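*Asks:* Quick one: this structure, given as structure tokens, is what I'll be asking you about.
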Amino acid sequence: MVKICCIGAGYVGGPTMAVIAFKCPSIEVAVVDISVPRITAWNSDKLPIYEPGLDEVVKKCRGKNLFFCNELEKHVAVADIVFVSVNTPTKSSGLGAGKAADLTYWESAARMIADVSKSSKIVVEKSTVPVKTAEAIEKILTHNSKGIEFQVLSNPEFLAEGTAITDLVNPDRVLIGGREETPGGLKAIQTLKDVYAHWVPQERIICTNLWSAELSKLAANAFLAQRISSVNSISALCEATGANVYQVSSAVGKDSRIGSKFLDASVGFGGSCFQKDILNLVYICECNGLPEVANYWKQVIKINDYQKSRFVSRLVSSMFNTVSGKKIGILGFSFKKDTGDTRETPATDVCRGLLSDKAQLIIYDPQVPEAQMIKDLSTPKFDWDQPGSTIHIAEDVVKQSVKVVHDAYEATKDAHAIWLGDLVVMGTKRAFEEDLQEFIKHPKHLDYGNKAASVAETKLPLETVQLVGIAGENGISVPDMVVKELEVNAPLPLVTGMDTS
Ligand code: UDX
Ligand code: ADP
């Protein structure tokens, strides 16, 4: 029986290994982590991450061929394939601060593998890493190997949170990079290919050299984020000219060379990957003497920051230039729907902006614990462009100005404004428009999916709301009819995240 061990039971390692175990009953999969609470949660009924479909997959395999535990060394020692899926945050100090990936966790995992291994192993980079990390890892492994052969592969993960299970079960492609030039490298590539071949069609498994695989992941995320910044930049121009960004993006996306996906204007992209990976790309370009290329990609993040602050300014200016003492209901705090993950969520920037203007925030997000929201809002925000400079709202100010509620009705009661964050993101804009109309007419009849189910059960007191600010990831348009309905009930104008026409 092939034995797989995955170091790191996070958003990537956990779901990926669960699907491998589910699809390959003949393979034994152990997921190990240094965090005791994380592993305890993986072994409980309340998994540490929320992901649609994950519970079912874990329940089917856990205790059979899928195991979660803290005994790292024991499982690494006997594994044939070791996936490394530890966190690789952006460095906040030292060389490359603000841009380069912090490989501390990776390095410690690699040293441990070298230390405990008694048989040859394939070591797979699963977490996104800078190009040429494999070379460094190979060095650590061989210098400490005591004669054991290690083959390093890069197998970047393309899953998106909220759809991780479907992305894993039906991937567009699986990418495996290895030392194609050596027989040992080719054999290792084939071994990993055989694992995925249990359920992924051969033609979707792409094999490349190590560096191409590493760079492809960074490039794919940079391209996706670049599309969002492109459409968000156009949204600013739409507001200035009277064009409608949804009409523009829909017309642009109809060109089959461009395609319609990832063209939804939003308050800005969030999540643990896009910003981190682009900064990483920028750093690699700078280190390779390519400042023009570095500046090109930096601009994608600058537009993202601009979009978030633009939204806050629009909201504040539409409320007579101050939100001081005004109550703003925030529905949805995580970075997108169907996840409780708050890493780089635009909500922290929007809330910080409103808090700086002394607003009172009432936040509702059924997937995010209160302590996490308070921590996110009171943690100093590190400025990637000017390392050393931070924006900080003291914890006591956050605690005084933020109320976290477990009921959407409460978040909107007597609000001067409501910000619909990730909560109202629908599959399509059309569906959202129709739903929003329904929502206003018959609040009880809405199926807002998993997270917003409780919103559907409540009657939002729209007649008491003076202003509704709407911005949602994946873009939200507000049809004329809805605007009119709101105008009747709301003495102040409607502010959308992006386009108001
Ligand atoms: C992303 C990549 O999609 C995935 O392939 C990679 O492995 C990890 O990074 P993720 O960050 O989980 O996945 O979510 P994604 O769906 O890509 O959304 C990222 C952010 O962009 C969210 O804040 C989302 O709301 C926003 N977004 C997405 C837009 O603003 N507009 C869009 O059109 C699409
Ligand atoms: P990702 O989104 O990339 O999966 P997460 O932060 O969700 O990132 O998960 C990374 C996991 O890796 C965390 O649970 C962390 O405890 C774990 N981890 C970090 N370093 C090590 C290590 N040296 N050994 C084992 N686990 C580690």
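Each value in this text was obtained by applying a stated rule to the coordinates, not by laboratory testing. Here the structure is a predicted model, which means the values were calculated and not measured. Cβ placement follows ideal geometry from the backbone for every residue including glycine, while neighbour counts extend to all protein chains displayed.
*Asks:* Quick one, what does Rg over Rh come out to for segment 144-214 if you take C-alpha atoms and the Kirkwood Rh?
*Replies:* Result: Rg/Rh = 1.03.
*Asks:* Moving on to the next point. Express the relative contact order of segment 211-343 as a whole percentage, based on alpha carbon pairs under 8 Å and six or more residues apart in sequence. Intermediate values should be presented prior to the final figure.
*Replies:* Details: 115 pairs, mean separation 35.1, N = 133.
Dividing the mean separation by the residue count of segment 211-343 yields 26 percent.
*Asks:* If amide H atoms are built 1.01 Å from N in the plane of the peptide, which residues on other chains or at least 5 residues away come under 5 Å of the amide H of Thr379?
*Replies:* Residues meeting the amide H criterion: none.
*Asks:* So what are the ³J(HN,Hα) numbers for segment 109-125, from phi and the Karplus equation (6.51, -1.76, 1.60; θ = phi - 60°), rounded to whole Hz, Gly and Pro as x?
*Replies:* Along segment 109-125, the couplings run 5, 5, 5, 5, 4, 4, 5, 9, 6, 10, 9, 4, 9, 9, 10, 10, 6 Hz.
*Asks:* Quick one: what Rg and Dmax do you get for segment 124-167 from the alpha carbons, in Å?
*Replies:* Over segment 124-167's Cα set, Rg and Dmax evaluate to 14.0, 43 Å.
*Asks:* Additional query: Per residue, what volume in Å³ does the convex hull of the Cα atoms of segment 180-336 enclose?
*Replies:* Per residue, the Cα convex hull of segment 180-336 comes to 190 Å³.
*Asks:* Quick one: which residues, 5+ away or cross-chain, put their amide H under 5 Å from the amide H of Val174? H built at 1.01 Å from N.
*Replies:* Long-range HN contacts for Val174: Ile205, Ile206.
*Asks:* Here's a follow-up. Please give the direction-averaged projected area of the C-alpha convex hull for segment 75-181, in square nanometres with one decimal.
*Replies:* 8.2 nm²
*Asks:* Out of residues 5 or more away from Lys91 or on other chains, whose amide H comes under 5 Å of its own, with H placed 1.01 Å from N in the peptide plane?
*Replies:* Under 5 Å from the amide H of Lys91: Gly98, Lys99, Ala100, Ala101, Asp102.
*Asks:* Among Ile258, Ile7, rank each residue by its count of other Cβ atoms within 10 Å, from fewest to most, as a rough exposure measure.
*Replies:* Arranged by neighbour count, lowest to highest, Ile258, Ile7 become Ile258, Ile7.
*Asks:* How long is segment 1-82 along each principal axis, judged by its Cα atoms, biggest number first, in Å?
*Replies:* Principal extents (largest minus smallest coordinate, Cα): 30, 26, 19 Å.
*Asks:* Right, here's the next one. Provide the per-residue ³J(HN,Hα) series for segment 48-59, in order, calculated from phi with Karplus coefficients 6.51, -1.76, 1.60 and θ = phi - 60°, each as a whole number of Hz, with x at glycine and proline positions.
*Replies:* My calculation for segment 48-59 gives x, 10, 9, 8, x, x, 5, 3, 4, 4, 5, 4 Hz in order.
*Asks:* Quick one: compute a quarter of the convex hull surface over the Cα atoms of segment 227-309 and quote it in nm². It would help to have the intermediate numbers written out before the result.
*Replies:* Details: hull surface 24.9 nm².
Hull-based average projected area comes out at 6.2 nm².
*Asks:* When you take every Cα atom in segment 3-200, what is the radius of gyration, and what is Dmax, the widest Cα pair distance, in Å?
*Replies:* 16.1, 46
*Asks:* Checking the table Lys3/Lys336; Lys99/Lys336; Lys23/Lys118; Lys336/Lys381; Lys302/Lys326 against a 26 Å threshold on Cα-Cα, which pairs fail?
*Replies:* Where the Cα-Cα span goes over 26 Å, the pairs concerned are Lys3/Lys336; Lys23/Lys118; Lys302/Lys326.
*Asks:* Which order do the peptides 300-308, 163-171 take when ranked by the mean count of other beta-carbon atoms within 10 Å per residue, highest first?
*Replies:* Going from most to least packed, we get 300-308, 163-171.
*Asks:* Hey, another quick one. ³J(HN,Hα) across segment 356-362 via Karplus (A = 6.51, B = -1.76, C = 1.60, θ = phi - 60°), whole Hz, x for Gly/Pro?
*Replies:* Karplus values, whole Hz, x for Gly and Pro: 4, 9, 6, 6, 9, 10, 10.
*Asks:* So which of Lys126/Lys276; Lys146/Lys193; Lys60/Lys337; Lys126/Lys298 end up more than 21 Å apart, counting from Cα to Cα? List each step's numbers first, then the result.
*Replies:* Values: Lys126/Lys276 15 Å; Lys146/Lys193 28 Å; Lys60/Lys337 25 Å; Lys126/Lys298 25 Å.
Those over the limit are Lys146/Lys193; Lys60/Lys337; Lys126/Lys298.
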